[in-house]
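Report on the structure given below.
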Amino acid sequence: MTEDSILQLLFYLLPAVVVGVIAFYFFNLHTRNEEQRRRFLLHKETQKHALPLRLQAYERMALFLERIAPGNLLVRIKPSGSDKEAYLNLLIKAIEQEFEHNLAQQIYISDECWNVIKASKNATITNIRKTSAREEITTANELRQQIVSSLIDQQPPSETGLSFIKKEVKNLW
């Protein structure tokens, strides 16, 4: 084979190589776009089923925060006697049971929201304990009255959690 025939063969092959490279490029591009389209459709389908579950989780956590708000909690749970410690433990137990009942909801809401809800719960318990620790309070009814009067001075921690939930739900739309 001569140099001319090799050069001629390269000239014949050059268009085929160029077409092959271009075809490979477009085939790759098409494959990637098709994969992204499938992912988008799958994500869209998943969102259609997941959104109602997420909204239900936010609703349940809003209900939880409403139920542990001191004003609502004290209306629902009345002291059975005059023992302050027994009433304190009853209130804290009710909050913990409500929380445990809704633990599974954390998989549907953001980590930040879950942390705000836990902080609201813990702050509510802490406020009730601090109120109970005052020496001038000796009976369950006095504890109850003092918790109610503290609501006048400050917003309950559950309000912070509710505001956060409302903000997150607005962002879902």
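The values are calculated or read from the model by the stated rules, or taken from the named source; none is laboratory data. Every value quoted in this text rests on a predicted model; they were computed, and no experiment measured them. Every residue, glycine as well, gets a Cβ built from its backbone with ideal geometry; the counts of neighbours run over all protein chains shown. In case anyone asks, the SASA skips ligands and DNA or RNA and just uses the protein heavy atoms, side chains included. Shrake-Rupley method; radii C 1.70, N 1.55, O 1.52, S 1.80 Å.
Checking the structure you have, find out if any residue of the stretch 71-85 is in contact with a helix residue (DSSP H, G or I) (Cβ under 8 Å, 6 or more places away or on another chain), open to solvent by 80 Å² or more (accessible area, probe 1.4 Å) and closer than 30 Å to residue 106 by Cβ.
yes
Taking the stretch 97-111, which residues are in contact (Cβ under 8 Å) with a residue 12 or more places away in the chain and charged (D, E, K, R)?
98
Out of the residues in the stretch 97-121 that are within 22 Å of residue 71 (Cα to Cα) and among the hydrophobic types (A, V, I, L, M, F, W, C), state the one that is surrounded by the fewest Cβ atoms within 10 Å (Cβ to Cβ).
119
One line per residue, one yes/no per condition, for (1) hydroxyl-bearing (Ser, Thr, Tyr); (2) over 14 Å from residue 57 (Cβ atoms):
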position: 101; (1), (2): no, no
position: 105; (1), (2): no, no
position: 121; (1), (2): no, yes
position: 150; (1), (2): yes, yes
position: 154; (1), (2): no, yes
position: 165; (1), (2): no, no
position: 168; (1), (2): no, no
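For a quick check of your reading of the model, give me the residue pairs whose first member lies in the stretch 73-86 and is in contact (Cβ under 8 Å) with a residue 60 or more places away in the chain, whose second is open to solvent by 30 Å² or more (accessible area, probe 1.4 Å), with beta-carbon atoms closer than 7 Å and at least 6 apart or on different chains.
Pairs that qualify, where the first residue is in contact (Cβ under 8 Å) with a residue 60 or more places away in the chain and the partner is open to solvent by 30 Å² or more (accessible area, probe 1.4 Å), are 74/144; 74/148; 79/141; 79/144.
Got a number for residues in the stretch 61-117 being small (Gly, Ala, Ser), more than 30 Å from residue 171 (Cβ to Cβ) and in contact with a Pro (Cβ under 9 Å, 6 or more places away or on another chain)?
Within the stretch 61-117, residues that are small (Gly, Ala, Ser), more than 30 Å from residue 171 (Cβ to Cβ) and in contact with a Pro (Cβ under 9 Å, 6 or more places away or on another chain) number 1.
In the stretch 98-118, is there at least one residue being under 17 Å from the mean Cα position of the chain (by Cα), β-branched (Val, Ile, Thr) and under 12 Å from residue 158 (Cα atoms)?
Within the stretch 98-118 (the criterion being under 17 Å from the mean Cα position of the chain (by Cα), β-branched (Val, Ile, Thr) and under 12 Å from residue 158 (Cα atoms)), the answer is yes, since at least one residue qualifies.
Could you name every one of the helices (runs of 4 or more DSSP H) located completely within the stretch 60-173 that has at least 1 residues being modelled with pLDDT of 90 or more and at negative phi?
Answer list for the stretch 60-173: 70-76, 84-101, 111-133, 157-172.
Taking into account only those residues within the stretch 122-171 that are open to solvent by less than 50 Å² (accessible area, probe 1.4 Å) and under 15 Å from the mean Cα position of the chain (by Cα), which is nearest to residue 54 (Cα to Cα)?
Within the stretch 122-171, the match that is nearest to residue 54 (Cα to Cα) is 169.
Do we find that residue 56 is out of contact with any helix residue (DSSP H, G or I) (no Cβ under 9 Å at 6 or more places or on another chain) and surrounded by 11 or more Cβ atoms within 10 Å (Cβ to Cβ) in this structure?
Judged against the criteria, residue 56 is not a match.
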